[in-house]
1. With every protein chain kept in place and ligands, DNA and RNA left out, what is the accessible area per residue of the range 10-122? Probe 1.4 Å, answer in Å².
2. Could you give the C-alpha radius of gyration of the chain expressed as a fraction of 2.2 N^0.38 Å, taking N as the number of residues it contains?
3. Just from its helices, what would the mean residue ellipticity at 222 nm be for the chain, if runs of 4 or more DSSP H residues each count -39500 (n - 2.57) and the sum is divided by every residue, rounded to the nearest 500 deg cm²/dmol?
4. Ordering Arg9, Arg47, Arg112 from largest to smallest accessible area (1.4 angstrom probe), what's the sequence?
5. When the accessible area of the chain is split by element with a 1.4 Å probe, what percent falls to carbon and sulfur?
6. Please tell me the relative contact order of the chain in percent, rounded to the nearest whole number, where contacts are Cα pairs under 8 Å and at least six residues apart.
Amino acid sequence: MVPDVSAQRLHRVPGRFVVEHLAHATLPEDDEWIALVRAPEGLTVVREAPPWSEAEHWTGFYGDSPHGTDVPGMLAALVGPLAAAGVPVFVASTYHADLVLVPEHRADEAARVLADAGHRLVVRPG
């Protein structure tokens, strides 16, 4: 039986993030990163936004129900409605869930779009 991926439990990740492209790096110079992707065109780094950062800031939504790699459609169920609403995303997937980043200034809109698509946004204390 295939699980219903259209009704995922998500929470908004605390903090602000930046997405950086380091064209000639194979590793970042520090260990203050959230996600790394090494590709032929360089290194992509997701990290918490430092207070002085002038780069675009992103907000994250993360799945509360770990799903592993064998459940099809989990990510598509999240990014599909956001794409239809014209909300840009940057995704970093883990073994258990997907971190979907949206531009900070569109976070409330993204939350509404995800809720309208049937996803449940859980507010975590903290």
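1. 57
2. Ratio of Cα Rg to 2.2 N^0.38 Å: 1.09.
3. -5000 deg cm²/dmol
4. The ranking, largest first, comes out as Arg112, Arg9, Arg47.
5. Percent of accessible area from carbon and sulfur atoms in the chain: 56.
6. Dividing the mean separation by the residue count of the chain yields 32 percent.
The values are calculated or read from the model by the stated rules, or taken from the named source; none is laboratory data. Predicted model, so just to flag it, every value in this text is computed and none were measured. Surface areas here come from the heavy atoms of the whole protein model, side chains and all, with no ligands, DNA or RNA. Shrake-Rupley method; radii C 1.70, N 1.55, O 1.52, S 1.80 Å.
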